[in-house]
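Asks: After the structure tokens below, expect a handful of questions from me.
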Amino acid sequence: GEYRSARSGNLNLITTWQKYNGSAWLPAVTVPDSSSNIITIQSGHNVTVTANQKADQLVVSSGGTLTLNSGVTLTVSNGTGTDMSVSGTFVNAGTVTIRTGAAINFSSTGKYQHNFTTSAGTIPTASWAAGSTCEIIGYTTNTAAPSGLQAFSNFTWNCPSQNSQINLNGGLTTVNGNLTITSTGSASSILYLANATSTLSVGGTFSQT
């Protein structure tokens, strides 16, 4: 009853998946959903969510990538086991809905990439293990801070196409690991931490390039 990716492709295509029948992995005849057993995206595969989808026990292996497209909703359901576990990379440009009781966990190798461009988007609430990373990568003309700022392990701002000023309004208060400001885009673009007195605690290294 478990699914695993057979190749990179769209989540809603059966050719992307194999299903375990108890003794062997065979080509899937249906796509996985929230009623499926464990759904694993294997290392080296990029599985893209192109239409609204529900999932439970979704595992992104180290070296694997889950990409959620703009305008698409991924609903994380509350079922048996860990509802969504990321040891690879989760690239998000859409909407993540977390049902009551459900949880998303990023392991020490897990990375979340916030890939919104012209709108702020929302970072999903998650558990961030030491070594995990939240990275803001997509902004172009967006002018607002992302919603869902929370306590992270590592936090990276890397928006080389940013051409607007963005103020986090004191929403980022805790980075338990490293805070890295790689790029804020054009010369006129600025990343403000706050517009009033606030405190940002960094447990590791602060690097600004």
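Asks: Could you give each residue of the range 92-98 its phi-based ³J(HN,Hα) in whole Hz, using Karplus coefficients 6.51, -1.76, 1.60 with θ = phi - 60°, and x for Gly or Pro?
Replies: Using θ = phi - 60°, the values come out as 10, 10, x, 10, 10, 9, 10 Hz.
Asks: For the range 204-209, just list the computed ³J(HN,Hα) in residue order, Karplus coefficients 6.51, -1.76 and 1.60, θ = phi - 60°, integers in Hz, with x standing in for Gly and Pro.
Replies: Calculated HN-Hα couplings, in order: x, 9, 9, 10, 10, 10 Hz.
Asks: I've got another one for you. Near the amide H of Ser62, under 5 Å away, which other amide H atoms are found, from residues 5 or more places off or on another chain, if H is placed in the peptide plane?
Replies: Ser87, Gly88
Asks: Would you kindly calculate the mean projected area, averaged across all directions, of the convex hull enclosing the Cα atoms of the range 79-198, in square nanometres? Spell out each step's value before the answer.
Replies: Numbers: hull surface 29.8 nm².
Averaged projected area of the range 79-198's Cα convex hull equals 7.5 nm².
Asks: Longest exposed-loop-site-free stretch of the chain, with trypsin sites (Lys or Arg not before Pro), DSSP loop and at most 15 other Cβ within 10 Å? Don't skip to the end; give the middle numbers.
Replies: Working: sites that count: Arg7, Arg99.
Longest site-free region, per DSSP loop and neighbour criteria: 100-209.
Asks: Can you give me the C-alpha center-to-center distance between the range 179-209 and the range 1-49, rounded to a whole angstrom?
Replies: That distance is 40 Å.
Asks: Could I ask something else about it? Once Rg/Rh (Cα atoms, Kirkwood Rh) is worked out from the coordinates, which option in [x] 1.09; [y] 1.01; [z] 1.06 does it equal?
Replies: [y]
Asks: Right, next: Relative to the present Cα-Cα distance, how much length would full extension add between Ala129 and Tyr20 at 0.36 nm per residue of separation?
Replies: Numbers: separation 109, 0.36 × 109 = 39.24 nm, distance 2.98 nm.
Full extension from Ala129 to Tyr20 adds 36.3 nm.
Asks: Accessible area of the range 13-65 with a 1.4 Å probe: how many percent of it is carbon plus sulfur? Walk me through the intermediate numbers first.
Replies: Numbers: 1350 of 2560 Å².
Carbon with sulfur: 53 percent of the solvent-accessible area.
Asks: Just Gly79, Gly101, Gly88 to compare: in a GNM of the chain, with alpha carbon springs under 10 Å, which one fluctuates most?
Replies: For the chain, modelled as a Gaussian network with Cα springs under 10 Å, the answer is Gly101.
Asks: Amide H of Gln162 versus every other amide H placed in the peptide plane: which residues, excluding those fewer than 5 positions away on the same chain, fall under 5 Å?
Replies: Sorted by chain and number, the residues that satisfy this are Gly185, Ser186.
Asks: Quote the relative contact order of the chain in percent (integer), defining contacts as alpha-carbon pairs under 8 Å separated by 6+ residues.
Replies: Values: 647 pairs, mean separation 23.3, N = 209.
Once divided by the residue count of the chain, the mean separation gives 11 percent.
Asks: Something else: Between Thr143 and Thr209, 0.36 nm times their residue separation minus their Cα-Cα distance comes to what? Display every interim value, and only then the final one.
Replies: Numbers: separation 66, 0.36 × 66 = 23.76 nm, distance 2.12 nm.
Roughly 21.6 nm would be gained on extension.
Asks: Rounded if a/c is under 1.5, else prolate if a/b is larger than b/c, else oblate: which is the range 7-56, with a ≥ b ≥ c the root eigenvalues of its Cα gyration tensor? Please list the in-between numbers first.
Replies: Working: a/c = 1.68, a/b = 1.25, b/c = 1.35.
Verdict is oblate for the range 7-56.
Asks: Residues in the range 57-74 near a label at Leu13, defined as backbone nitrogen under 18 Å from the 7 Å Cα→Cβ point?
Replies: 65-70
Asks: Counting heavy atoms of the protein chains only and a 1.4 Å probe, report the per residue accessible area for the range 5-145 as a whole number of Å². Spell out each step's value before the answer.
Replies: Numbers: 5870 Å² over 141 residues.
Here the per-residue accessible area is 42 Å².
The values are calculated or read from the model by the stated rules, or taken from the named source; none is laboratory data. Keep in mind that this is a model prediction, so the values were computed, not measured. In this analysis, Cβ positions are derived from the backbone assuming ideal geometry, glycine residues included, and neighbour counts consider all displayed protein chains. Protein only, heavy atoms only, side chains kept; ligands, DNA and RNA dropped before computing areas. Shrake-Rupley method; radii C 1.70, N 1.55, O 1.52, S 1.80 Å.
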